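The values are calculated or read from the model by the stated rules, or taken from the named source; none is laboratory data. Quantities reported herein were computed from a predicted structural model and do not represent experimental measurements. Note: ideal-geometry Cβ built from the backbone for every residue, glycine included; neighbour counts use all protein chains shown. Surface areas here come from the heavy atoms of the whole protein model, side chains and all, with no ligands, DNA or RNA. Shrake-Rupley method; radii C 1.70, N 1.55, O 1.52, S 1.80 Å.
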Amino acid sequence: MLDTGSLIDLLGQPQKIVITTHHKPDGDALGSSLGLYNYLIQLGHHVHVISPSDYPDFLTWLPGNEEVIVFTDRREESASLIENATLIFCLDFNSLDRINDMGELVRASGAYKIMIDHHLDPADFDDYRHWNINACATAQLVYDFIANVLNHKDYINKDVATALYTGIMTDSASFRLPNTTADVHRVVAELIDKGAVNWRIHELVYNSASENRIRLLGHCLTNCLEVLPEFNTAIIVLKKQDIAAYDVHTGDTEGIVNYALSITSIRLAAFIVERDDQVKLSLRSKGDFPANEICKLYFNGGGHRNAAGGQSTDTIAQVVEQFKLILPKYKKLLIQ
């Protein structure tokens, strides 16, 4: 294991650093990674951000994005960087299976592994852990790591602030979730003071959709939405033919589940998507309903109480049926 003093000593001299995050990075995953990247390059480190997969176009404006390596596009280069790294920062994930084929490469590397994360039940692969399940976003923890653990608040420049603000904004659902505490708002205020232009970031993330993405949303709400009032639950089911018809790209389905959750009286919303090799589920809930419990117990997943995900190799019809059969077990919680 690595203690804080030893890590500070390591970061006091140039290191070969890899930063990585989970498969299909969202705003918090990429914002955390590029926030940390833009901090570390100021210290003279050799830093590479490696994403296990592609990610949404609405995140490609983030400062430092042009330096991101997509593992599936540059496997040999990525493997070499991981093998030769002295430090590997693992952001917004807590198990190496969340980075797919990169997982065993990271495990085999002789580098120190530093986990910064806010998900439940972390696996034991790291040498240093900055972890708090009460944080609203990993980006909040990266801010805390830089400003308070390393005492380097002065290194939070406009680029760092912009990336971290993006992470906090997206993972807090634009500051609407219960874990958006007063401390979170104080961090956000600091980031704005450091140069994050809040209205512009919101515009770039949420108001930059393609025409196909908007038409897909309309299709989901008009043709794919089912409301189950007896369970205060709404389901949106998207099949492979829909994905082909609307030319769906990475990120195009992000946030659609929240429209189902916004219906009056709905406490649980599910977005169920048929992919080539599996069915993916995204669950969102209100109040204290444990969406993560359903994903963990029934769909090989997990996450946060109000935002969780899972997957299944069953057919989409079987997954939808299974999901509906689970609901009676939670009826008392759903109809409160």
Exercise. Provide the per residue accessible area, probe 1.4 Å, for the range 4-206, rounded to a whole number of square angstrom.
Key: 42
Exercise. With a cut-off of at most 16 other beta carbons within 10 Å, and DSSP calling the residue loop, which chymotrypsin sites (Phe, Trp or Tyr not before Pro) in the range 129-215 qualify? Please list them.
Key: Phe175
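Could you give the Stokes-Einstein D for the range 91-137 in µm² per second, using the C-alpha Kirkwood radius, 20 °C, 1.002 mPa s? Working shown, then result.
Details: Rh = 11.0 Å.
Approximately 194 µm²/s, per Stokes-Einstein.
What value, in deg cm²/dmol to 500, does the helix sum -39500 (n - 2.57) over DSSP H runs of n ≥ 4 give at 222 nm once divided by the residues of the chain?
Values: 14 runs with 129 residues, N = 336.
So the calculated ellipticity at 222 nm is -11000 deg cm²/dmol.
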Quiz item: Straight-line reach from Lys239: which lysines have a Cα under 22 Å away, not including same-chain ones fewer than 8 places off?
Solution: Lys24, Lys280, Lys324
Quiz item: For the range 269-300 and the range 83-148, what is the separation of their C-alpha centers, rounded to whole Å?
Solution: 23
Exercise. With 20 Å bins from zero, work out the P(r) of the chain over every alpha carbon pair and list the percent per bin.
Key: 31, 58, 11, 0
Self-check item: Semi-axes of the equivalent ellipsoid for the range 102-199, Cα gyration tensor, largest first, Å
Solution: 25, 16, 12
Self-check item: For the range 69-86, Karplus couplings with θ = phi - 60° (6.51, -1.76, 1.60), whole Hz, Gly/Pro x
Solution: 9, 8, 3, 5, 8, 9, 5, 5, 4, 4, 4, 5, 5, 5, 4, 9, 5, 9
Quiz item: Using the Karplus equation 6.51 cos²θ - 1.76 cosθ + 1.60 (θ = phi - 60°), what ³J(HN,Hα) coupling, rounded to whole Hz, does each residue of the range 330-336 give in order, writing x for Gly and Pro?
Solution: 10, 4, 4, 6, 6, 9, 4
Self-check item: the chain: angle of helix 211-223 to the longest principal axis, Cα-based, in degrees nearest 10
Solution: 40
Quiz item: Using modelled backbone amide H atoms (1.01 Å from N, in-plane), which distant-in-sequence or interchain residues come within less than 5 Å of Ile19's amide H?
Solution: His48, Val49, Ile50, Phe89
Quiz prompt | Within a Gaussian network of the chain (alpha carbon springs, distance under 10 Å), most fluctuating of Gly251, Gly31, Gly103 | solution = Gly103
Quiz item: When you count, for each residue, the other Cβ atoms within 10 Å and take the mean per peptide, how do 281-287, 122-128 rank with the highest first?
Solution: 281-287, 122-128
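Please report, as a whole percent, how much of the solvent-accessible surface of the range 1-157 comes from carbon and sulfur atoms (probe radius 1.4 Å). Can you show the working numbers first?
Values: 2760 of 6370 Å².
That share works out to 43 percent.
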Quiz item: HN-Hα J couplings of the range 161-178 from phi, Karplus 6.51/-1.76/1.60, θ = phi - 60°, integer Hz, Gly and Pro as x?
Solution: 4, 4, 5, 5, 4, 4, x, 5, 4, 6, 7, 9, 6, 6, 6, 9, 7, x
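Out of the total accessible area of the range 211-335 (probe 1.4 Å, heavy atoms of protein only), what percent is carbon and sulfur?
Details: 3040 of 6160 Å².
On the range 211-335, the fraction of accessible area on carbon and sulfur atoms equals 49 percent.
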Quiz item: Among Val49, Val149, Val160, which one shows the biggest mean-square fluctuation in a GNM of the chain, springs joining Cα atoms closer than 10 Å?
Solution: Val149
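Using the C-alpha atoms of the range 219-336, what convex hull volume per residue, in cubic angstrom, is computed? Mind dumping the intermediate values first?
Details: hull volume 11.2 nm³, N = 118.
Per residue, the Cα convex hull of the range 219-336 comes to 95 Å³.
Compactness ratio of the range 226-281: Cα Rg over 2.2 N^0.38 Å, N = residue count?
Working: Rg = 12.1 Å, N = 56, 2.2 N^0.38 = 10.2 Å.
Dividing the Cα Rg of the range 226-281 by 2.2 N^0.38 Å gives 1.20.
Over the range 211-335, give the accessible area per residue in Å² for a 1.4 Å probe, as an integer. Walk me through the intermediate numbers first.
On the way: 6160 Å² over 125 residues.
Solvent-accessible surface per residue comes out at 49 Å².
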